[in-house]
Amino acid sequence: MYTWTLAKVVRHQQILKFLISGGTATAANLTTLYVLKGIFGVWYLLASAVSFTVGFLLSFTLQKFWTFEKKSLDVVHRELMLALMVALCNLGVNTVLMYSFVEYMHLHYIVAQLCTSALIACETYVLYQKLIFAVKK
């Protein structure tokens, strides 16, 4: 029999909230990417960088206030700076993966962004939980 503890329930709830927040940010990312590239014809790597930024800002806001329930604004500058550092590293990873998936694997740019976003999401959850929004003991 699997025993559910409060900590396990909270953790699973947090992961679900992270996925919903990330999914919302990804939807904004993909919508922005489609509008820039598909409608306005912006170069896919530039469109990807802009859409990644839109997704980051939405993701940070949702993760801070909803997923990790950090309502305090006292350390928001620190959290935002750490999240921005992670995002900038992720932007580099995003660009390299997008280029590789589109140019070498010949994936459609939307499929490439979905794959890239999934990989980045796994790494980001751990960093947000353990570093950016860690609970002080």
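The values are calculated or read from the model by the stated rules, or taken from the named source; none is laboratory data. All values derive from a computational prediction rather than experimental measurement. Counting neighbours? That spans all protein chains shown, and the Cβs are built from the backbone with ideal geometry, glycine included. Keep in mind that these areas ignore ligands, DNA and RNA; they rest on the heavy atoms of the full protein, side chains included. Shrake-Rupley method; radii C 1.70, N 1.55, O 1.52, S 1.80 Å.
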Item to check | Residues of the stretch 69-85 classified as aliphatic (A, V, I, L, M) and open to solvent by 100 Å² or more (accessible area, probe 1.4 Å), total | outcome: 3
Checklist outcome for this item: Counted residues in the stretch 86-99 being of a type outside the set (A, V, I, L, M, F, W, C) and either loosely packed, with under 14 Cβ neighbours inside 10 Å or under 22 Å from residue 131 (Cβ atoms) (or both) come to 3
Item to check | Of the criteria (1) buried (at least 17 other Cβ atoms within 10 Å of the Cβ); (2) within 19 Å of residue 28 (Cα to Cα), which one residue 128 fails | outcome: (2)
Next on the checklist: Quick check on my filter: what residues within the stretch 107-122 are surrounded by fewer than 17 Cβ atoms within 10 Å (Cβ to Cβ) and under 12 Å from residue 94 (Cα atoms)?
Outcome noted: 114, 115, 118, 119
Next on the checklist: Please pick out the residue among 52, 60 that is closer than 19 Å to residue 131 by Cβ and either at pLDDT below 95 or surrounded by fewer than 19 Cβ atoms within 10 Å (Cβ to Cβ) (or both).
Outcome noted: 60
Checklist entry - Which is more than 13 Å from the chain's Cα centre (by Cα), open to solvent by 80 Å² or more (accessible area, probe 1.4 Å) and within 17 Å of residue 125 (Cα to Cα), of 66, 43? => result 66
